[in-house]
Amino acid sequence: MPSPETLQAFALAAELGSFSAAARRMGKAQSAVSTAIANLEIDLGLTLFDRSARNPVLTAEGRAMLPHARGILLGTREMLAKAGSMAEGVEDRLGLALEQGVAMGPVMEALDRFAAAFPSVSLEFHATGPNDAGTLLKEGRADLGLMIEQEGYPAGFQFRGIGHAAVRRVCAPGHPLAAVERPGYGDLRAHRQIALRSRYGGPRDEAGKSASTWHAESPAMIASLVERGLGWAELPAPAVAQALAEGRLKRLDCAFQQGDELRGVDLVWTERRALGQAGQWLRDRLLAVPAEAWREG
C-alpha cells in the first residue's frame, strides 16, 4: 500500500508540473520526491509521468490514477481531522461563511445561545458573495457555510437544504419601470440591470436579463445603486426589506411571474475539517430552524 507521503508527492508533482516544485512544497529534496514517484510506478506497474520533456507530464495512466490518489489523501486528512476533533473535544475557533442576502435573524438567535454555551470559542465571520462560501470552505478558512444552493458541490462536501429565500425584483420609486403596472421581459430588458457576481466566478453569477448590466458582489451595494435610480435588480428579500418598508425601493410585480421567486438555502460543511463539539452544536441548531424562518429574515 503506497504511503500518504508517496501519494502526496505524486499529487503535488501533477498539480505543480515539476518534481522540484513538489519537493519544495513538501520541504524535501527533489531526489526524495523523484524516488517516491518511481517506487509508486513500480508498485502500480504503470508509468505515471512522461519524463522525455523538460518537465514531467502525466501519462494517460497517470491521469487515470490521480483522482484515486487524491481520494485516498482526502480520506486520510478527514480521518486525522476527525481524530483531532474527538481528542480535543471543543475547538477553540470556528469560521462561518455567510452569503450576503441570506436571512440573518435565525443565525443571530443561534449565536445568542452559542455565546452562552461556548464562551471560550472564537468566531470568525466571512460575509461572502454568491459561490464564495464554498471557496472559503474548500480553502479551510471556514468550517460552516450558509449559502444559496448550488447544483453540485465538490467531493468531500456535506450539505443540507434548510429552507428557501425569497427574491425581490426592485427599482427606485422614480425609475421609469416604477410607472409600469406589470412589466414584462421587454420592459426589463430596456433598462440597466445591476446583478450579483461572485468574486471568484461561478455557476450562480447572474447573466442578466437586460442588454445593459452592471455587476457587484454585495447585495447592499446593489441596493444602494438601485436606490439612486441607476438600474433595477433581483435581490434576496432580507437585503431589501427595510428599503421597501421605508419606500426607498419599489417592488416590481412582473407579468411573467406569479408570487415570489424562491431559491434554496443550504447549510454546508466539509469533511476535510471535521467539526468539534461547538461546530456540531451550531450546525445542529441551524438545521433545526423552521424552514419558513429563512424566507424573510
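Scalar couplings 3J(HN,Hα) for the range 9-21, obtained by applying the Karplus form with A = 6.51, B = -1.76, C = 1.60 to θ = phi - 60°, are 4, 4, 5, 5, 4, 5, 6, 8, x, 7, 5, 5, 5 Hz; x denotes Gly and Pro.
Note on K250: aspartates and glutamates with a C-alpha under 13 Å away, same-chain residues under 8 apart excluded, are E181, E227, E234. Considering only P119, P219, P173, the mean-square fluctuation computed in a Gaussian network model of the chain, springs between alpha carbons under 10 angstrom, is largest for P119.
Between L80 and A220, the simple label model (points 7 Å from Cα in the Cβ direction) yields a spacing of 3.8 nm.
Taking R0 as 22 Å, what FRET efficiency do you get between R160 and M108 from their Cβ-Cβ distance, rounded to the nearest 0.05? Intermediate results must be reported in sequence, preceding the final value.
Working: r = 20 Å, r/R0 = 0.90.
Working from the Cβ atoms, E equals 0.65.
The label-point distance for A60 and F125, in a model that sets each label 7 Å from Cα toward Cβ, rounds to 5.4 nm.
Which shape class applies to the range 4-88: rounded if a/c is under 1.5, otherwise prolate when a/b exceeds b/c and oblate if not, where a ≥ b ≥ c are the square roots of the Cα gyration tensor eigenvalues?
Values: a/c = 2.43, a/b = 1.72, b/c = 1.42.
In terms of gyration-tensor shape, prolate.
Note that the range 235-246 has calculated 3J(HN,Hα) couplings of 9, x, 3, x, 6, 10, 4, 5, 5, 5, 5, 8 Hz, one per residue in order, obtained from phi through the Karplus relation 6.51 cos²θ - 1.76 cosθ + 1.60 (θ = phi - 60°); glycine and proline are x.
As a calculated quantity, the FRET efficiency between R248 and A179 at R0 = 25 Å, using C-beta atoms, amounts to about 0.90.
Could you tell me whether the range 116-240 comes out rounded, prolate or oblate from its Cα gyration tensor? Rule is a ≥ b ≥ c as square roots of the eigenvalues, rounded for a/c under 1.5, then prolate if a/b exceeds b/c, otherwise oblate. Verdict is prolate for the range 116-240.
Stretching A115 away from S212 to a fully extended chain increases their span by 30.3 nm, per 0.36 nm per residue minus the current alpha-carbon distance. Here K28 is the anchor, and the aspartates and glutamates within straight C-alpha reach of less than 15 Å, apart from those fewer than 8 places off in the same chain, are E5.
Just the number, please: percent antiparallel of the DSSP beta bridges in the chain, rounded to the nearest 5. Walk me through the numbers before you get to the answer.
Details: 23 of 38 bridges.
Rounded to the nearest five, the antiparallel share is 60 percent.
Is the shape of the range 138-181 rounded, prolate or oblate, going by the alpha carbon gyration tensor and its root eigenvalues a ≥ b ≥ c, with a/c under 1.5 for rounded and a/b larger than b/c for prolate? Here the range 138-181 falls in the prolate category. Within the chain, what's the longest run with no GluC sites (Glu not before Pro) in a DSSP loop and at most 13 other beta-carbon atoms within 10 Å? Give the range, please. It works out to 1-138.
Highest mobility in the GNM of the chain, judged by mean-square fluctuation with C-alpha springs under 10 Å and restricted to F118, F159, F49, is found for F49. Taking G184, G145, G276 in turn, the Gaussian network model of the chain (Cα-Cα springs below 10 Å) assigns the largest fluctuation to G184. Rounded to whole numbers, the Karplus 3J(HN,Hα) couplings from phi for the range 52-66 are 6, 8, 4, 10, x, 10, 4, 7, 4, 5, x, 5, 6, 7, 4 Hz, using 6.51 cos²θ - 1.76 cosθ + 1.60 with θ = phi - 60°, and x at Gly and Pro.
Between E5 and R189, the modelled labels are 6.3 nm apart [label points 7 Å from Cα along Cα→Cβ].
Here, each number is a calculation from the coordinates, and none is a lab measurement. Quick caveat, the model's predicted, so the values are computed rather than measured. Note: ideal-geometry Cβ built from the backbone for every residue, glycine included; neighbour counts use all protein chains shown.
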